[in-house]
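Written out below as structure tokens is the structure these notes cover.
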Amino acid sequence: MAGEGGRVEENERLKPSTTPQAIASRLENLILDGVFRPGQLLPSERRLCERLGVARSSLREALGTLRSKGVIITRQGRGSEVAPLVEAPYVTPLMHLFREHPRTLYDLLEVRALLEGESASLAANRGTPSDRVLITRRYREMADYVEKAGSIDVERLARLDHAFHLAICQASHNPVLMHTLSSLTDLLLSSVFASVKHLYHRPDSRDMINRQHARLHRAVVEGKAQLARRVALEHLSAISEQLREIDAEGQRLERAAMRLEEW
């Protein structure tokens, strides 16, 4: 009997708690893990009850808790959506200065190298089979567009490029790292846009970027953490170096032209 009692107690400990507080905690974890993203509508109450195995009354109380914390927003006739988890950085004066002054692009590339190098390493170590499927899907969307597009739409390719890197970051399973990068989406897209706009029309630069993306994808999905970090750092370092050379070339041309002008 004692043995049976011990098994019952163990089963009770293993069974997920269905109290409103526990349900709210489970939903918060899903948001932290990026399953539900800022601005995304939550599934219907019926669907959530089915997936979580909880009663609707307990779920509603849990949603009320999240609403009171500001984690979700409920709109009449629309449902509940995940609230912005950080203040939108692009509306601050500092973000305006970053966007309007191109010289900060190189500072941003340094920050990307720090964050994306580590996220690539963590993704290679921690990524699940589902993560690898998503990373591969995002890589293929980008690579297929490059291969099949007659002329490149710079903005579209920049978004596909960013989505690939974001999928790698999500596979790091570090919510702080993931949400830090997500909060900088506007700035990160500007750096990707700059690299695509200024480098992709150059055959050597285009081949380099495509090669590095392929190596990064392979290193992450094959679980080679050190290689993944190295390739991510090399990728961003090479982009920064080539953009600096373009800047320097432009300044040389400008100085030469000014010498020809009469003042």
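Read the figures in this text as sums done on the coordinates, not as results from a lab. All figures in this text were calculated on a predicted structure; none of them were measured in a lab.
Here are a few things to note about the model shown:
- 3J(HN,Hα) from dihedral phi, segment 164-177, Karplus parametrisation 6.51/-1.76/1.60, rounded to Hz, x for glycine, proline: 4, 5, 5, 4, 5, 4, 4, 6, 6, 6, 10, x, 5, 4
- Counting all C-alpha pairs of segment 134-214, share separated by more than 19 Å (%): 36
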